[in-house]
Amino acid sequence: MIRKTYAFLASLSLGLWLMGGVMALLAAGSFVGGEQSTLNAMPLFAWLGQAPFAASWWLWGALVLLGFLVLNTVLCSVETLRQGWGERRLLQLLAPQLMHLGFLLIVLAHLLSARGAEKEAMEVAEGSVLAFPDGSSVRVTALTATPGPMGMPADFSAGIVATEGGRRTAATVRPNHPFFHNGIGIYLKHVEPFPFPVGYVEVHREPGAGWALAGALFFTAGNVALLSVRRGRPLAG
């Protein structure tokens, strides 16, 4: 009985069914309204703690299936290493493990952000100061909007000066070019030039960002290695 249960939990078929279940629940959740509108404005676990079950059932279900998918991934890796050790080339053996590791790190990253992420949106003017709990600050020195041919803003930017421990760092923030201050991202969303320059910024803290990047790199490396093995041209080394 234990051996059959272990084989079931480590099977590829279970992993495929779990992934399908997660996608189905997330698709169903996209049709849920009401409380879901605030989901992107706060950490996931904080939202789950206050949202009624009628609005959050799909997320609870997805989290349960993801938990089983993590277990399935770990057991699948253990079985692959146990059965393939000494029978396969090193790259052929490690390629799927790199992908598995990447997936597990991405899940860890989302769990960390779901618990400890912070997000705040605000309007700022030239001279506004963003103060942080560690005593450092970021001051907005300039707000600029460049009009396009139709009169709508084609580009906008914010000049800032970060102050920490007597040291000052000047930078320019643009859309898709945020400024990171002690792990906290400052994103410029819009600048309204009239009647006086006003900017709209979002301040993000994502404790899982580094783990997500590491997971993406491992997952990409695993895909490249697997592609090399499938083509019959192993990577050098």
Residue among TRP57, TRP85 that alone is hydrophobic (A, V, I, L, M, F, W, C), modelled with pLDDT under 90 and farther than 23 Å from GLU206 by Cα:
TRP85
Out of all the residues in segment 92-114, is one or more within 29 Å of ALA212 (Cβ to Cβ), modelled with pLDDT under 90, part of a helix (DSSP H, G or I) and more than 27 Å from the chain's Cα centre (by Cα)?
yes
Hey, can you tell me all the residues within segment 176-195 that are farther than 21 Å from GLU164 by Cα, touching a Phe, Trp or Tyr at 6+ places or on another chain (Cβ under 6 Å) and not charged (D, E, K, R)?
HIS190, VAL191
Matching residues in segment 176-194 - criterion: being within 21 Å of the chain's Cα centre (by Cα) and either part of a strand (DSSP E or B) or among the hydrophobic types (A, V, I, L, M, F, W, C) (or both):
HIS177, PHE179, PHE180, HIS181, ILE184, GLY185, ILE186, TYR187, LEU188, LYS189
Just to be sure I understand, how many residues within segment 65-91 are in a helix (DSSP H, G or I), free of Cβ contacts under 8 Å to residues at least 40 places away in the same chain and under 20 Å from ALA7 (Cα atoms)?
9
In segment 1-47, the residues that are under 30 Å from LYS119 (Cα atoms), surrounded by 15 or more Cβ atoms within 10 Å (Cβ to Cβ) and modelled with pLDDT of 90 or more:
GLY21, VAL22, LEU25
Restricted to segment 117-133 and to residues being touching a helix residue (DSSP H, G or I) at 6+ places or on another chain (Cβ under 9 Å) and at pLDDT 85 or above, the residue surrounded by the most Cβ atoms within 10 Å (Cβ to Cβ) is ALA117
Per the filter on segment 99-138, residues among the hydroxyl-bearing types (Ser, Thr, Tyr) and not assigned by TED's automatic domain parsing to the domain that holds TRP47 are SER128, SER136, SER137
Can you tell me which residues in segment 201-219 are closer than 23 Å to HIS190 by Cβ and not in a loop (DSSP other than H, G, I, E, B)?
VAL201, GLU202, VAL203, HIS204, ARG205
Pick out the one residue from GLY165, GLY215 that is more than 19 Å from THR144 (Cβ to Cβ) and touching a helix residue (DSSP H, G or I) at 6+ places or on another chain (Cβ under 8 Å).
GLY215
May I ask you to list the residues in segment 6-61 that are in a loop (DSSP other than H, G, I, E, B), in contact (Cβ under 8 Å) with a residue 60 or more places away in the chain and within 23 Å of ALA109 (Cβ to Cβ)?
MET42, PRO43
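Residue-wise test of (1) under 29 Å from the mean Cα position of the chain (by Cα); (2) among the aliphatic types (A, V, I, L, M); (3) surrounded by 13 or more Cβ atoms within 10 Å (Cβ to Cβ); (4) in the same structural domain as LEU105 (by TED's automatic domain parsing).
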residue: VAL140; (1), (2), (3), (4): yes, yes, yes, no
residue: ASP155; (1), (2), (3), (4): yes, no, no, no
residue: THR169; (1), (2), (3), (4): yes, no, no, no
residue: ARG174; (1), (2), (3), (4): yes, no, yes, no
residue: PHE196; (1), (2), (3), (4): no, no, no, no
residue: GLY210; (1), (2), (3), (4): yes, no, yes, no
residue: ALA216; (1), (2), (3), (4): yes, yes, yes, no
Go through segment 120-151 and count every residue that is in a strand (DSSP E or B) and more than 24 Å from MET42 (Cβ to Cβ).
12
Test result for ALA154, hydrophobic (A, V, I, L, M, F, W, C), in contact with a Pro (Cβ under 6 Å, 6 or more places away or on another chain) and either in a strand (DSSP E or B) or without any contact (Cβ under 8 Å) to a residue 60 or more places away in the chain (or both):
no
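The values are calculated or read from the model by the stated rules, or taken from the named source; none is laboratory data. Given the structure is predicted, the values throughout are model-derived calculations rather than measurements. All Cβ positions, even for glycine, are placed from backbone atoms using ideal geometry, and neighbour counts span all protein chains on display.
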